[in-house]
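The values are calculated or read from the model by the stated rules, or taken from the named source; none is laboratory data. Keep in mind the model is a prediction, meaning the values are calculated, not measured. Every residue, glycine as well, gets a Cβ built from its backbone with ideal geometry; the counts of neighbours run over all protein chains shown. Areas reflect the complete protein model, heavy atoms only, side chains present, ligands, DNA and RNA absent. Shrake-Rupley method; radii C 1.70, N 1.55, O 1.52, S 1.80 Å.
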Amino acid sequence: PIAVFPMNGLNQDFFKRQAGPKEFRGVNLDGKIVFAFVGAVDKRKGVHLAVEAFPEVLKKVPEARLIIAGSGQNDAAVQNLIEKKGLSGKVTRVAWIDHQELVKLFSVSDVFVYPSIPFEAWEEQFGYAMAEASLMGLPVISTKSGSIEDVVKDGRTGILVEPNNVKALAQAMIRLGRDDELRLRLGRTGREFTSGNLSREAIAKRFHVFFES
């Protein structure tokens with residue numbers, strides 16, 4: 001018999017939204033639509049595409065803000081792109097954060113953006129950051145690449161676009177930035193799906209069923 005599922009499930013009791021003011025590291029985000037990226041700042045993760053798309057997003061959603069948490073080989077290129085696009089003050093960058101601060105970031109965010117791309121024969125493996133964001137009730141914008149479609153269900157828990165398509169990425173960000181009801185609906189379904197399929201309890205049950213078989 002063969003079964004395919006992650007080795008480790010997620011703690012659905014830990015990944016819950018926290019009440020409190022909408023601010024992160026002293027930045028007041030009240031009244032803002034916050035897009036968050038968490039992960040390695042490497043080309044393969046596609047965060048540069050979110051920066052490329054953000055000027056178009058701001059035209060339609062002027063209250064939008066982007067927070068990038070992480071570091072990597074593409075740090076300098078992403079920072080240069082932020083400055084080139086005149087996005088200082090609209091895009092906030094922080095280095096790696098621990099799980100406690102990750103929950104704080106997700107709690108003040110409205111959308112999780114993870115525009116992963118195929119790169120040098122690599123494609124996204126299991127995306128824990130996307131699953132964690134879904135458990136926090138965030139709709140996820142990502143790409144049709146690697147195993148992402150196992151984690152993000154297009155039209156149900158988020159929006160998937162083609163990799164390297166800046167225009168489609170911007171359109172998805174604008175759509176969610178302007179539609180409160182859609183954000184809430186996708187986020188609510190995202191938590192339900194992740195809890196039912198990718199939580200510790202769900203994965204333990206799948207191990208049990210597999211070994212019993």
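Tabulated data
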read-out: Accessible surface of VAL4 - all protein chains present, 1.4 Å probe, nearest 10 Å²; value: 130
read-out: Simple spin-label estimate for LYS60 and ASP180 in nanometres, 7 Å along Cα-Cβ; value: 1.9
read-out: Karplus 3J(HN,Hα) series, Hz, for the stretch 180-192 with 6.51 cos²θ - 1.76 cosθ + 1.60 (x for Gly, Pro); value: 4, 5, 5, 4, 5, 5, 5, x, 5, 5, x, 5, 4
read-out: Peptides ranked, highest mean first, by Cβ atoms within 10 Å: ranges 42-52, 65-75; value: 42-52, 65-75
read-out: Per residue solvent-accessible surface (Å²) - the stretch 58-185, probe of 1.4 Å; value: 45
read-out: Amide H contacts of PHE24 (H built 1.01 Å from N, under 5 Å, at least 5 apart or other chain); value: LEU29
read-out: Packing-based order for 25-31, 121-127, using average beta carbon neighbours within 10 Å, highest first; value: 121-127, 25-31
read-out: Value of relative contact order over the stretch 1-158, rounded to a whole percent, pairs C-alpha under 8 Å and six or more apart; value: 27
read-out: Share of carbon and sulfur in the accessible heavy-atom surface of the chain [1.4 Å probe, %]; value: 49
read-out: Cut-off under 5 Å, modelled amide H: who pairs with GLY72 long-range; value: VAL41
read-out: The stretch 69-213, dipole about Cα centre (Lys/Arg Cβ +1, Asp/Glu Cβ -1), debye to the nearest 20; value: 440
read-out: Reachable aspartates and glutamates from LYS22, criterion Cα separation under 20 angstrom, eight or more residues apart if same chain; value: ASP30, GLU63, ASP98, GLU101, ASP110, GLU132, ASP179, ASP180, GLU181
read-out: Cross-link table LYS144/LYS167; LYS60/LYS104; LYS90/LYS167, entries beyond 21 Å C-alpha to C-alpha; value: LYS60/LYS104
read-out: Helix axis angle, 99-108 relative to the chain longest principal axis, alpha carbon, degrees; value: 60
read-out: Built amide H within the under 5 Å cut-off of ARG93, gap 5+; value: ILE68
